[in-house]
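Got a structure for you, written out below as structure tokens; questions coming shortly.
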Amino acid sequence: MDQAQLRGWLALIRVPGLGPGRARRLLERFGEPAAVLDAGVRAWQAAGLSEALCKGLAQPDWAGVDLDLAWLAESVSAAPAAARSLITFRDSRFPPLLAEIAQAPLALFAMGDPDLLRLPQLAVVGARTASAQGMENAQAFAAELARRGLTITSGLALGIDSAAHRGALAADGLTIAVCGNGLDRVYPARNRELAHAIAARGLLLSEFPVGVPPLPEHFPRRNRIISGLALGVLVVEAARKSGSLITARLAGEQGREVFAIPGSIHNPLARGSHALIREGAKLVETVDDILSELAPQLPAARASLAAGTNPAESNGESAGESVGDPDQTRVLQALGFETLALDHLVGRLGLPVERISAALLTLELAGLVSAGPGDTFTRLQRT
């Protein structure tokens, strides 16, 4: 689109309180954004707009528009893959699945490769304060799903989201991060390096313009985009009250598949996943549980299922099979997939604490066990 059209879209996006649904109705009535802005108070009132919305249309935020234009025009010659663009709902690049949802965004600010939006996606979400096992599951599932042809979509949050993005990148796969703020900043700041990697090799998205901060009320709006982009949502770990459950609920309302990985009954971060399973989400133990469900919507998944292998099978039935030391094998068997304190292991095994500690250290260095607070240990299950 030309500069004048782009300015019109950006001005419409920035009208406070307008919302995507009402903005669409105005565009249906008047045509282009510039025509909406030029219609005048009487026409806006006839369209049912409040006094506040009429004032917002009469006094567009041109200073904010200039910030958006400067961000969009900023040189990306050093990283051409991280190109910046505005993708309106009338743009052929706008994702068809997202266009189907209620209150679909008016436009998306994008940084990276917008062609990813037309590829089949699976959303992977979960707790910010995830367990070691949850992080391991998220990264391993995302990596294998990316290898099998799905683009991994998440929200760039700490915990499960970050692990999912990293898993996809580590597998040389594709990943999309949907943000709850303007793309001129990274939130959380701790994920700056990850965000840059996603922009260079995947895609960052937001419906919020430049300068908009990550306010709490923005994240449910972000979550509807995460689920709306994807064929389904995989919840790795979630407490009973969490943003991940909001995403799962939105996915169900949008007609998407909902998957959940179960956990220990002693893990409070598994209770949200268990609640979803009781409500009808598909219980997931391997990536094939997901791909078999999505296969009717994903022809490529059928070929992947025929040619692919389950990572759990390629790694053996259990981590213990690759452990030669008898003490280490016994420790793994005693742990199961619970989180146990050292004194509980001593009680279960009847071995000297020194031998158990030595076995745990070796297993931790091998990536088979994770140490937690208070001398607790968790076996890391391979997906």
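The values are calculated or read from the model by the stated rules, or taken from the named source; none is laboratory data. Bear in mind that the values here come from a model prediction, so they are computed numbers and not experimental data. Methodologically, a virtual Cβ is constructed for each residue, glycine included, from the backbone with ideal geometry; neighbour enumeration extends over all protein chains shown. The accessibility values were calculated without ligands, DNA or RNA, using every heavy atom of the protein model including side chains. Shrake-Rupley method; radii C 1.70, N 1.55, O 1.52, S 1.80 Å.
Give me a count of the residues in the stretch 17-73 that are in a helix (DSSP H, G or I) and either touching a residue at least 24 places away in the same chain (Cβ under 8 Å) or aliphatic (A, V, I, L, M) (or both).
Summing the residues that are in a helix (DSSP H, G or I) and either touching a residue at least 24 places away in the same chain (Cβ under 8 Å) or aliphatic (A, V, I, L, M) (or both) in the stretch 17-73 gives 31.
Could you check the stretch 222-278 and list, in sequence order, the residues that are β-branched (V, I, T), assigned to a helix (DSSP H, G or I) and in contact (Cβ under 8 Å) with a residue 60 or more places away in the chain?
I225, I226, T247
Also, I was wondering about something else. Does S273 satisfy the criteria of being closer than 27 Å to L294 by Cβ and out of contact with any Pro (no Cβ under 8 Å at 6 or more places or on another chain)?
Values: closer than 27 Å to L294 by Cβ: yes; out of contact with any Pro (no Cβ under 8 Å at 6 or more places or on another chain): no.
Taking the combined requirement at face value, the residue does not satisfy it.
Kindly check whether there is at least one residue in the stretch 134-151 that is farther than 21 Å from T247 by Cα, assigned to a loop (DSSP other than H, G, I, E, B) and open to solvent by 10 Å² or more (accessible area, probe 1.4 Å).
yes
Related question: Checking T339 against (1) closer than 23 Å to E285 by Cα; (2) touching a residue at least 24 places away in the same chain (Cβ under 8 Å); (3) open to solvent by less than 60 Å² (accessible area, probe 1.4 Å), which single condition isn't satisfied?
(3)
Confirm whether L360 is at pLDDT 85 or above, touching an Asp or Glu at 6+ places or on another chain (Cβ under 7 Å) and either over 26 Å from A130 (Cα atoms) or not in a strand (DSSP E or B) (or both).
For L360, the condition - at pLDDT 85 or above, touching an Asp or Glu at 6+ places or on another chain (Cβ under 7 Å) and either over 26 Å from A130 (Cα atoms) or not in a strand (DSSP E or B) (or both) - is not met.
So which residues in the stretch 113-133 are in a strand (DSSP E or B) and under 30 Å from I265 (Cβ atoms), if there are any at all?
Of everything in the stretch 113-133, those that are in a strand (DSSP E or B) and under 30 Å from I265 (Cβ atoms) turn out to be L122, A123, V124, V125.
Which residue pairs have Cβ atoms under 7 Å apart, sit 6 or more places apart or on different chains, and have a first residue in the stretch 204-217 that is charged (D, E, K, R) and a second that is assigned to a loop (DSSP other than H, G, I, E, B)?
That search, which allows pairs on different chains as well, returns E207/P105.
Looking at the stretch 183-220 only, could you name the residues that are within 13 Å of the chain's Cα centre (by Cα) and either under 16 Å from P20 (Cβ atoms) or acidic (D, E) (or both)?
The answer is L205, S206, P220.
While we're looking at this one, here's another question. List every residue pair whose Cβ atoms lie under 7 Å apart, where the two residues are 6 or more positions apart in sequence or sit on different chains, the first residue falls within the stretch 365-383 and is under 24 Å from D289 (Cβ atoms), and the second residue, located anywhere, is at pLDDT 80 or above and open to solvent by 60 Å² or more (accessible area, probe 1.4 Å).
Taking only residues 6 or more apart or on different chains, the pairs are T378/T339.
Of all residues in the stretch 265-281, count the ones that are of a type in the set (A, V, I, L, M) and under 17 Å from G336 (Cβ atoms). Break it down into steps so the answer makes sense when it comes.
Going residue by residue through the stretch 265-281, those that are of a type in the set (A, V, I, L, M) are 265, 269-270, 275-277, 281.
From the residues that got through so far, the ones that are under 17 Å from G336 (Cβ atoms) too are 265, 270.
So the count comes out to 2.
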